[in-house]
Amino acid sequence: MKVLVFNCGSSSLKYKMLEMPAGVQLCGGEAQRIGAKTAEGSRLVHRQDGESRTIEVEMKDHAGAFREVMRRLQADPTLAPDVVAHRMVHGGGVFDAAAAVTPETLAELERIQNLAPIHNPPATALVRAVSEQMPSLPQTVVFDTAFHATLPPRASIYALPRTLREDRGYRKYGFHGTSHRFVAGEAARLLGKPFTELNAVSCHLGSGGASLCAIRNGRSIDTTMGYSPLQGLMMSTRCGDLDPAVVMNLVADRLGDSAAVEALLNKKSGVLGMSGLSADIRDVLRQADAADPDGAPDDTLRLTAGLYAWRIRKYLGAYLAVLGNADAVIFTDTIGEEVPAVRRAVAGGMEVFGVRLDAARNADPGSLPADIAAPESAVRVLVIATNEEIAIARETYQLMAA
Amino acid sequence: MLTLTLKLKNHSLAAALFADGGQRLADGRIPLPGRKPFGSLDADALVQNLRRLCQQHASQSEPDLVVVPVPYGGTEFSGPAFVDDQTLARLNGLASQAPLHIPRLAQVLTELRRAVPGVPIMLLFETTFFSSLPAREASYGLSPAAAPGLRRMGFHGLSHEAAVDEAWTMWLKSRRCGTPAILSLVLEQRPEVAAVLGREPVMVTGGVTPLEGLPGETTCGELDPSLVLSMKQDCGWGPEQINLVLTRESGLRALAERRVTISNLYQDRTPDDGMTLARDVFEYLVLKAAGMAMAAMGGLDIIVVSGRHARAGTRMLPTLLYRLEHARRGAKFPIMSCVSLMPRDEICARLAARGIESASPPMRLVAG
């Protein structure tokens with residue numbers, strides 16, 4: 001089965017064609033600067049058989065981008081998709097699993113799209129465009145929130161009045177679910193355990209967003225992101241956890257401009273806001289120990305790096321306490337896979353939980369997946385490359401096969 | 001030394017009289033006569049009430065020391081302070097940061113000085129215990145320009161400090177070596193967990209305000225920051241309404257759907273769904289905070305439960321200990337624990353006495 005996976009950004013459209021169930025990538029690419037109103041126009045970058053081709057073509061919206069992608073694919077008869085799979089960030093309280101697209105599904109997607117106002121609307125528009133342009137092509141939607149549908153009430157509920165919790169849907173949804181589920185599945189295979197018996201803490205540390213997930217018997221039971229991706233860890237530009245009173249004061253200081261505060265907390269805080277240097281923790285780590293001419297380390301950068309790792313470490317401890325008998329800690333995505341210093345700061349000195357890092361393996365895990373725990377560690381520490389497109393394609397394949 | 005502890009209430013001072021060694025002689029309420037909102041106090045009536053209390057229960061008409069706990073000292077106060085003109089000026093400088101507490105307190109302290117001019121008045125701040133919190137714990141992920149000087153304060157510092165004393169007593173009796181990793185759980189109206197290595201705090205659940213962290217009897221506790229903005233945008237609420245909901249209508253009250261205390265959660269033999277939910281959520285968040293504390297300290301040796309609802313701790317402690325022991329792997333010794341029922345006024349008296357004894361150079365009891 002050829003699964004064409006789409007991952008929508010506000011002005012981009014990434015795609016991969018995967019042959020399932022083997023998971024072999026046949027081609028991929030990205031439509032960039034969709035709806036561009038600047039000197040540099042839209043373009044499509046298509047990759048196939050080791051080659052990359054860039055086509056300058058006007059794409060006013062995601063419907064236009066889809067048309068151009070299909071034009072490239074239809075030029076090769078071997079690339080006709082059997083199904084289109086869409087990554088959708090937020091499924092609200094409606095979608096707790098991947099879903100086939102029907103008129104009813106599409107209506108629900110349009111109803112809930114403001115739950116993730118940056119991500120959901122373009123993805124939903126793409127679903128509609130595919131429905132209109134190729135009505136006979138099956139589609140599925142795979143939600144970042146779905147893996148966390150199993151959060152028990154004690155983990156998902158905020159201590160707010162019922163009207164806010166239930167009528168307004170103010171509860172913890174969690175994100176990165178597709179990735180957490182994927183790496184947990186890989187971890188189970190590596191450990192030789194059935195997925196339904198795996199207990200692990202998955203640490204998805206991306207160059208943008210980051211979250212941890214506590215997994216018991218293969219099910220998500222808690223996660224650091226909340227109602228929105230803002231809660232939890234300090235991230236590249238997001239502040240993470242914050243005293244609610246501080247948010248109220250920030251709004252008051254800005255004369256009630258909540259949009260400005262939202263932009264501040266989501267786009268100008270985190271590693272970027274604290275360091276003043278970069279949103280990428282790798283840049284901060286590189287510079288943090290660099291001495292100035294007088295030999296003094298940069299305190300701001302060291303504090304940024306310290307706080308970044310500290311938050312992750314505390315949540316790791318929280319979830320290891322909740323699980324009680326974890327099989328593994330999993331590091332994934334860009335920072336989790338590539339930055340030994342972060343793994344060391346997070347998982348080093350956690351022997352109380354039975355976690356013992358092997359310093360040499362952590363410094364150089366080799367090819368992934370890798371086990372960087374010391375042999376005597378009761379809890380394995382795994383570094384696993386995430387692959388959300390494969391995960392989406394797998395869920396789609398299972399859904400179509402059912 | 002005759003020590004009088006005073007805690008400011010709405011229309012009175014909660015008073016307790018202690019002899020040397022912390023022996024409680026009396027406690028009661030001293031009315032604040034003639035007090036109107038923002039009005040002046042009747043200092044003569046106040047001194048008469050104070051003297052009556054001392055004369056009834058001790059052989060002197062005035063205490064040797066008055067101790068007053070203060071909810072907030074900001075970054076201005078990093079330790080106890082005797083009340084004098086300078087202290088009052090520094091305290092008044094904090095008025096905008098704690099507008100519900102500081103102005104009233106400063107006014108009462110001024111009148112108290114007039115009432116008993118020869119008696120030193122010591123202020124103990126709930127926040128000073130956390131003044132040495134490491135920067136990575138005290139800081140938030142905001143740019144300094146957006147929120148200058150913002151830091152996690154922590155609250156209930158006096159209770160945590162007393163809990164650490166209890167923990168050290170246990171530690172020394174156990175004859176174990178090294179520095180104990182202590183978890184202090186203060187069960188008050190707004191509960192708080194602190195992780196203390198030796199005597200140094202390394203983590204606390206309270207934030208810039210007591211709103212952050214564990215849910216209180218009416219306070220929301222941890223919350224996605226975006227929800228405050230959603231309340232404004234989706235619900236159309238203004239700042240007063242949002243503040244009212246998050247500070248008075250959330251927490252255990254919201255979960256149980258009626259006013260409850262932490263003690264209530266453990267008194268009901270047949271709890272309904274709301275009480276069960278409130279207890280489940282509360283215990284779960286305490287467990288997570290304890291796990292954070294273990295990670296912050298790299299271990300856990302002692303748990304001390306204290307506060308007004310400490311007795312409820314005897315009900316929740318066994319499960320908490322079981323869960324934490326289960327998460328610890330290969331530990332040589334079990335986690336020690338105790339429940340401290342020492343009332344807050346006695347905590348203040350003891351801390352004040354220790355502060356005077358251990359200060360270097362020694363503190364002189366001189367009225368300001």
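The values are calculated or read from the model by the stated rules, or taken from the named source; none is laboratory data. This one's a predicted model, so the numbers in the text were calculated from it and none came from an experiment. Cβ coordinates were reconstructed from backbone atoms using ideal geometry, including for glycine residues, and neighbour counts include every protein chain displayed. Calculation scope for accessible area: heavy atoms of the full protein, side chains included, ligands and nucleic acids excluded. Shrake-Rupley method; radii C 1.70, N 1.55, O 1.52, S 1.80 Å.
The table for this structure:
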read-out	value
Of all residues in the stretch A:374-387 being over 21 Å from A:Gly349 (Cα atoms) and open to solvent by 40 Å² or more (accessible area, probe 1.4 Å), the one that is nearest to the other protein chains (Cβ to nearest Cβ)	A:Ala385
Matching residues in the stretch B:154-199 - criterion: being at positive phi and touching a Leu at 6+ places or on another chain (Cβ under 8 Å)	B:Gly154
The stretch A:156-206, residues that are closer than 30 Å to B:Ser230 by Cβ, out of contact with any Asp or Glu (no Cβ under 7 Å at 6 or more places or on another chain) and of a type in the set (Val, Ile, Thr)	A:Ile157, A:Thr163, A:Val201
Residue within the stretch A:214-222 that is open to solvent by less than 10 Å² (accessible area, probe 1.4 Å), touching a helix residue (DSSP H, G or I) at 6+ places or on another chain (Cβ under 6 Å) and among the hydroxyl-bearing types (Ser, Thr, Tyr) present	yes
Odd one out for A:Asp280, checked against (1) in contact (Cβ under 8 Å) with a residue 60 or more places away in the chain; (2) surrounded by fewer than 22 Cβ atoms within 10 Å (Cβ to Cβ); (3) at the interface with chain B (Cβ under 8 Å from one of its Cβ atoms)	(3)
Where A:Ala252 falls short, out of the listed (1) within 7 Å of chain B (Cβ to nearest Cβ); (2) open to solvent by less than 30 Å² (accessible area, probe 1.4 Å); (3) more than 21 Å from A:Leu303 (Cβ to Cβ)	(2)
Among (1) within 14 Å of another protein chain (Cβ to nearest Cβ); (2) of a type outside the set (Asp, Glu); (3) within 22 Å of the chain's Cα centre (by Cα); (4) open to solvent by less than 10 Å² (accessible area, probe 1.4 Å) - the single one B:Leu324 does not satisfy	(3)
Selection from the stretch A:149-184 of residues that are outside any loop (DSSP other than H, G, I, E, B), of a type in the set (Gly, Ala, Ser), in contact (Cβ under 8 Å) with a residue 24 or more places away in the chain and more than 9 Å from chain B (Cβ to nearest Cβ)	A:Ala149, A:Gly177, A:Ser179, A:Ala184
Condition met for B:Met342 (open to solvent by less than 30 Å² (accessible area, probe 1.4 Å) and not β-branched (Val, Ile, Thr))	no
Complete set of residues in the stretch A:330-341 that are crowded, with 24+ Cβ neighbours inside 10 Å and either in contact with a helix residue (DSSP H, G or I) (Cβ under 6 Å, 6 or more places away or on another chain) or within 7 Å of chain B (Cβ to nearest Cβ) (or both)	A:Ile330, A:Phe331, A:Thr332, A:Ile335
Subset of the stretch A:111-150 (residues that are of a type in the set (Asp, Glu) and more than 16 Å from the chain's Cα centre (by Cα))	A:Glu132
Pair list, Cβ < 9 Å and 6+ apart or interchain, from the stretch B:281-298 residues that are at the interface with another protein chain (Cβ under 7 Å from one of its Cβ atoms) to residues that are of a type in the set (Asp, Glu) and not in a helix (DSSP H, G or I)	B:Tyr284/A:Asp222; B:Lys288/A:Asp222
Flag if B:Gln267 is surrounded by fewer than 23 Cβ atoms within 10 Å (Cβ to Cβ) and more than 10 Å from every other protein chain (Cβ to nearest Cβ)	yes
Whichever residue in the stretch B:4-13 is assigned to a strand (DSSP E or B) and more than 13 Å from B:Leu50 (Cβ to Cβ) and, among such residues, is nearest to the chain's Cα centre (by Cα)	B:Lys7
Breaking point among (1) without any contact (Cβ under 8 Å) to a residue 40 or more places away in the chain; (2) away from every other protein chain (no Cβ under 12 Å), for A:Ala245	(2)
Lone qualifier among A:Arg154, A:Arg165, A:Arg181, A:Arg171 - being among the basic types (Lys, Arg), open to solvent by 10 Å² or more (accessible area, probe 1.4 Å) and over 23 Å from A:Ile215 (Cα atoms)	A:Arg165
Selection status of B:Ser132, part of a loop (DSSP other than H, G, I, E, B), of a type in the set (Ser, Thr, Tyr) and either in contact (Cβ under 8 Å) with a residue 24 or more places away in the chain or open to solvent by less than 10 Å² (accessible area, probe 1.4 Å) (or both)	yes
Helices (runs of 4 or more DSSP H) (entirely within the stretch B:157-252) containing at least 2 residues that are within 13 Å of chain A (Cβ to nearest Cβ)	B:225-234, B:239-248
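Rundown of residues vs (1) more than 20 Å from the chain's Cα centre (by Cα); (2) surrounded by fewer than 21 Cβ atoms within 10 Å (Cβ to Cβ); (3) at pLDDT below 95; (4) not aromatic (Phe, Trp, Tyr), yes/no style:
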residue: B:Asp273; (1), (2), (3), (4): yes, yes, yes, yes
residue: B:Val281; (1), (2), (3), (4): yes, no, no, yes
residue: B:Val286; (1), (2), (3), (4): no, no, no, yes
residue: B:Ala289; (1), (2), (3), (4): no, no, no, yes
residue: B:Ile302; (1), (2), (3), (4): no, no, no, yes
residue: B:Ala312; (1), (2), (3), (4): no, no, yes, yes
residue: B:Arg315; (1), (2), (3), (4): yes, yes, yes, yes
residue: B:Leu320; (1), (2), (3), (4): yes, no, no, yes
